[in-house]
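To start, the structure itself, in structure tokens.
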Amino acid sequence: MPLHSSQHARLAAVAALATAAALTLAGCSAGESGSDFESSTPTSLEGTVSFWHFFSDREAGVIQSVVDDFEAANPGVTVTVHEGQDDEKLRKAIATGDKVDLGLSYSTDVVGNFCSTGAFRDLGEVITRDKVDLEQFSDTVRSYTEFDGVRCTMPVLADVYGLYYNKDLLEAGGYTAPPTTLSELQDMAIKLTTFNDDGSIKTLGFNPMMGWYENSAAHLGPLGAAEWLNADGTSAIAGSPGWTELMEWQKGFIDELGYDKVNAFTAGLGQEFSADNAFQRGSVAMNLDGEYRTAFIADQAPELNYGTAPMPVIDSDPELYGGGYITGNIAGISKGSKNPELAWALLKYLTTDTDAVVKLSNGLKNAPTTADALASPDLEVSEQFQTFLDIMGDPHSATTPPSPLGAGYQQTFEDFWHSYQSGAVDDLPAGLAEVDTQINDSLSLVSGP
Amino acid sequence: MSSTTTTAGQPVPAGRPAAPRPPQPPAPAGRLRASRSRRRRTLTVLALLAPALLGLAIFFVYPLLASVYYSFTRYDLVSPPEWIGLRNYEYLFTQDPKVWIATLNTLWFVVFLVPIKIIFALGIAGLLVRAKHASGVWRTVFYLPALVPPVASVVAFVFLFNPGTGPVNQILGFFGIQGPLWFNDPAWSKPSLVILGIWVMGDIMIIFLAALLDVPREQYEAASLDGANGLQQLRYVTFPSITPVLMFAVITGVIAALQYFTEAAVASGVANGKAVVGEGTGAALGYPGNSLLTYTQWLYVRGFSNYQLGYASALAVLLFVVASIFLILLLRRFKAFTPEGTA
């Protein structure tokens, strides 16, 4: 049937709309490419560089003071600082063009994706050109700042996890030293636990509930030398005996106290990052936490008599004692940066200049990542903080490997662990195999089959 | 032989009276004027509609088309999208480990939160209509919670219902009742949010109140004279009169429930002891035991924590289709209660 002219017009309008939409979609899909690095180190720097980071309030002030130092050392450079920008905003800004020159993220989980997609550009060229010594960083720190041979980020301080213990409560229980194995931790924790008249828990020696505060699979993994991913990026969880031992220990611990009792006790505890923190209030005698807790305690509970130590490790491999989980802030140069040389100069300053790293560490109470900064006499180190620097240098310390999935593989495993601790899983090996399948399926969606 | 012609062009034999002539089309000059006038009217209408049409195109049509397109691609926001056909949908329906629990949680809110909230709002509005004294004060009291920002109200509720330190369980304990773990128990977390939903039903309540005040009193009097009891008056007088408002409440409620995100996400974070904004919020979503993981939260996690914007788009397209089906069904159902529907 022949079409009327009005139908022709409608068809043409639809076709034009579809074409326009397709062109727009194609045009808007990827951010533009920025300028290239120069072949030799510039002799002078001039211009404006935009710096996006996630810190806010007091911590943003610490960052700003170091940026001020950089500007003073480079009079021709102006740094435009955008504070309080989380990873999601950073990613969107990078995707839309040249708004970001230098981006600082709180999570090493972005490294796999940002390196593989080119959101942060490969720094290999300028690292070689400017002869930056990567040996000044530990193996673990180097490993979480690159992906698949591409170094797209540099470390901006580290977070290190260990055991905090309340000296008064341990002494009252007859203990003079923290535990070194997980069975010791469990025994001590049970003995230090007190109960109310109705049988509910009043105070706990150590809270084993997965997901509470910093109790995560990532933070427990190094205590059993547990492995996350194979060399090809697929899941190694089911085949790693460390996970099985860690999970069985944790479930046994929960069962000894009673899941419902621990859950009820946990529900009544205060917020982690408030003055009501359970360790600071004495509700738990021992706790897994990061080095930054020393700053919180100094600020919110200065009277607390506490010590720090490496986290206890699995009984089958006591040699692991001394290590722990390490992660940190990372920074990279956006693919759309129009001022990559300025961004690189700032990045190099923030991550390798000893004075800058020490100033950041003292201000933010995070562990410095360069050998010179760790040895600097200007570094403010308390007895408790020193423990974390020791953990950082221990060969058994480990991190979570970068993946194109971000933290997706960790979330999948932790979901399963939550079910397991609640008693909803009968067959642990089969459950872990299913976790592997789920992670690999998700990986194939990101990276292709 | 002479003849005339009808407007259809059929010859009419001479000698027979011609059929009455229909109105003649305007002369060419008149037609031109009418055409110009129509075009001017059309242009005026289009010009007046332009801002709305532009907004519709930019903020609805374009995102919708973009989502449909991206749902067939592997896309991470930074690299160009790569066409992968139906792979995202295949993963959604056969491999995604959490999409069904997220869907069931969301449907739970549609099935329970929406009707319970509407029933309470309607009930309170019905009582306020009958209030003889201080009605303004009561209206304000019931409406005020709706003005509290959702995040603040959730945080307050989680603290109030904290099983260890909150006043709710302490009061229950005073009466010898052992309170549940509320937001920390997978069985109680969703009902806890329903209680919150009831508390903040003031926005719907005020609309119901206006609708109820609009129902002519004579209809109740007539029904009463005919011997209708209270329930019959509600069924045959009140409901037919407020059907459009009821329809509005149900439709907006269902859409809001399908997109339920903020309240559940904040409740999970605060109840889990991790009320942190920005850093790693994805890890706490769904606590406890994925009972508060809603469809839109899962969409967010896949899109912005796992960098699967293509897959997240497929989830969004499915949500759009399901929401549209809900709307069509609801509109048809409500049509039966309107005068046109019952005619």
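Values computed for the structure shown
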read-out	value
Any hit, the range B:101-118, residues being within 14 Å of another protein chain (Cβ to nearest Cβ), of a type outside the set (S, T, N, Q) and in a helix (DSSP H, G or I)	yes
The range A:436-449: number of residues that are surrounded by fewer than 22 Cβ atoms within 10 Å (Cβ to Cβ), at negative phi and facing chain B (nearest Cβ under 9 Å)	6
Positions within the range B:162-215 being more than 10 Å from chain A (Cβ to nearest Cβ), in contact with a Phe, Trp or Tyr (Cβ under 7 Å, 6 or more places away or on another chain) and part of a loop (DSSP other than H, G, I, E, B), in sequence order	B:Trp188, B:Met201
Flag if A:Gly118 is on the phi > 0 side of the Ramachandran plot, of a type outside the set (Lys, Arg) and more than 14 Å from chain B (Cβ to nearest Cβ)	no
Residue in the range B:262-281 that is more than 13 Å from every other protein chain (Cβ to nearest Cβ) and either assigned to a loop (DSSP other than H, G, I, E, B) or not small (Gly, Ala, Ser) (or both) present	yes
Unmet criterion (only one of (1) away from chain B (no Cβ under 14 Å); (2) without any contact (Cβ under 8 Å) to a residue 24 or more places away in the chain; (3) under 16 Å from the mean Cα position of the chain (by Cα)) for A:Glu88	(1)
Residue list for the range A:345-358, restricted to those being more than 16 Å from A:Ser44 (Cα to Cα) and over 21 Å from the mean Cα position of the chain (by Cα)	A:Asp353, A:Thr354, A:Asp355, A:Ala356
Residue in the range A:107-124 that is crowded, with 20+ Cβ neighbours inside 10 Å, charged (D, E, K, R) and more than 13 Å from A:Asn329 (Cβ to Cβ) present	yes
Selection within the range A:387-435 - within 14 Å of chain B (Cβ to nearest Cβ), free of Cβ contacts under 8 Å to residues at least 12 places away in the same chain and among the acidic types (Asp, Glu)	A:Asp415
Number of the condition not met by A:Glu214 [criteria: (1) assigned to a helix (DSSP H, G or I); (2) closer than 30 Å to A:Phe273 by Cβ; (3) within 14 Å of another protein chain (Cβ to nearest Cβ)]	(1)
Residue check for A:Gln300: within 13 Å of chain B (Cβ to nearest Cβ), out of contact with any Asp or Glu (no Cβ under 8 Å at 6 or more places or on another chain) and over 26 Å from A:Glu184 (Cβ atoms)	no
Members of the range B:63-83 that are in a loop (DSSP other than H, G, I, E, B) and at the interface with another protein chain (Cβ under 8 Å from one of its Cβ atoms)	B:Tyr75, B:Asp76, B:Leu77, B:Val78, B:Ser79, B:Pro80, B:Pro81
Pair list, Cβ under 7 Å, 6 or more apart: the range B:300-312 residue more than 15 Å from B:Tyr91 (Cα to Cα), other residue aromatic (Phe, Trp, Tyr)	none
Tally, over the range A:255-292, of residues that are within 14 Å of chain B (Cβ to nearest Cβ), buried (at least 18 other Cβ atoms within 10 Å of the Cβ) and assigned to a helix (DSSP H, G or I)	9
Elements of type helices (runs of 4 or more DSSP H) contained in the range A:322-410, each with 2 or more residues being of a type in the set (A, V, I, L, M, F, W, C) and surrounded by fewer than 24 Cβ atoms within 10 Å (Cβ to Cβ)	A:354-364, A:371-375, A:383-393
Filter pass, A:Ala177 being surrounded by 15 or more Cβ atoms within 10 Å (Cβ to Cβ), part of a loop (DSSP other than H, G, I, E, B) and away from every other protein chain (no Cβ under 14 Å)	no
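Let's see how each residue does on (1) away from chain B (no Cβ under 13 Å); (2) within 27 Å of the chain's Cα centre (by Cα); (3) modelled with pLDDT of 95 or more:
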{"residue": "A:Pro42", "(1), (2), (3)": "yes, no, no"}
{"residue": "A:Phe54", "(1), (2), (3)": "no, yes, no"}
{"residue": "A:Glu71", "(1), (2), (3)": "yes, no, yes"}
{"residue": "A:Thr78", "(1), (2), (3)": "yes, no, yes"}
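The values are calculated or read from the model by the stated rules, or taken from the named source; none is laboratory data. Nothing here was measured: the structure is a model prediction, and the numbers come from that model. Cβ sites come from the backbone with ideal geometry, for glycine too, and all protein chains shown count toward neighbours.
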